[in-house]
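Below: the structure, in structure tokens.
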Amino acid sequence: MTEQPTTIEVPAYAKINWSLRITGKRADGFHDLETLFQTISLHDTLTFRESDRLSLTCDDPSIPVDETNLVLRAARALGAPPLAIELKKAIPAGGGLGGGSSDAAAVLVALSKHLGIDKPLADLALALGSDVPFFLNGGTAYATGRGEVLTPMPPVDRVPLLLLIPEERVSTANAFAALRRFSPPIGIDRYRTIMNDGLLIHADELINDFEEPIFALLPRLRELKKRLLEAGALWAAMSGSGSTIVGAFGRPAERDVAAETI
């Protein structure tokens, strides 16, 4: 880190899916999907310090800190020098909020910028995971393919969200295995219309195909979604492959009342 700060600290923001349609299964074993990604304010924090070897520590003891962690894999893929990386978790693992993918993208972006490493980040990101390319830029994006074919969309006005994070966790592999049907895509033009009108006006079109099979396996998640809607949420859905249930409200005060009620 010559002539650079000895400590770098960066956030890694979570995401929700405003809509997630699984459109089919591919010959390579992956699934095609159509989704509208959205980064939100909830975030992990990564701190990088000079060291004599590359290592990772985490304040959540349930998170592995060996070579299976995407943070270390991202650093190695980038060819980073020896660093002590500290990960402070706020995004729950297995919650459908993309924490691991966001952490990996934050490593790629931060280290390439601060260390002057010139490598094709999009290719490295996709090799790490289907969601990782989105987190390189975040914001609001329409995605197809495995989730890596991205089209930036106009930013969404600030929406008060309430996230219900149950004890139950869902692995992405198990969620895909539980799928029993696919949905046709509605297309980017329809999403542009929905966004121009106001996302929450078209809540009935903002669906998640994972809900049906996952709610069958974990009925309490269906109840959490119902409680959000009863508490005044204009839209509620499971994020990603679960298990976090997200509700969007018209005003922060309404969201805060719902948070106290549920």
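Candidates in the stretch 85-107 are the residues that are in a loop (DSSP other than H, G, I, E, B) and open to solvent by 10 Å² or more (accessible area, probe 1.4 Å); of these, the one that is nearest to residue 42 (Cα to Cα) is 90.
Quick one: would you say residue 179 is modelled with pLDDT under 95, in contact with a strand residue (DSSP E or B) (Cβ under 9 Å, 6 or more places away or on another chain) and open to solvent by less than 80 Å² (accessible area, probe 1.4 Å)? Taking the combined requirement at face value, the residue satisfies it. Which residues, counting only those in the stretch 235-262, are touching a strand residue (DSSP E or B) at 6+ places or on another chain (Cβ under 9 Å), hydrophobic (A, V, I, L, M, F, W, C) and either within 21 Å of residue 14 (Cα to Cα) or in a helix (DSSP H, G or I) (or both)? Within the stretch 235-262, 235, 236, 237, 238, 245, 246, 248, 249, 258, 259 qualify. Only one entry of 156, 246, 170 meets the criterion of being within 18 Å of residue 36 (Cβ to Cβ), at pLDDT below 95 and of a type in the set (Val, Ile, Thr), and that entry is 156. Restricting attention to the stretch 196-225, the residues that are touching a strand residue (DSSP E or B) at 6+ places or on another chain (Cβ under 8 Å) and over 16 Å from residue 20 (Cβ atoms) add up to 2.
Any residue that is assigned to a helix (DSSP H, G or I) and either surrounded by 20 or more Cβ atoms within 10 Å (Cβ to Cβ) or small (Gly, Ala, Ser) (or both) - is there at least one of those in the stretch 136-147? The answer is no, given that none of the residues of the stretch 136-147 is assigned to a helix (DSSP H, G or I) and either surrounded by 20 or more Cβ atoms within 10 Å (Cβ to Cβ) or small (Gly, Ala, Ser) (or both). Within the stretch 12-25, the set of residues being out of contact with any Asp or Glu (no Cβ under 6 Å at 6 or more places or on another chain) and more than 19 Å from residue 94 (Cα to Cα) comprises just one member, 25.
The values are calculated or read from the model by the stated rules, or taken from the named source; none is laboratory data. Quick caveat: nothing in here was measured; it's all calculated off a predicted structure. Heads up, the Cβs are rebuilt from the backbone with ideal geometry, glycines too, and the neighbour counts pull from every protein chain shown. SASA here: full protein model, heavy atoms, side chains in, ligands and nucleic acids out. Shrake-Rupley method; radii C 1.70, N 1.55, O 1.52, S 1.80 Å.
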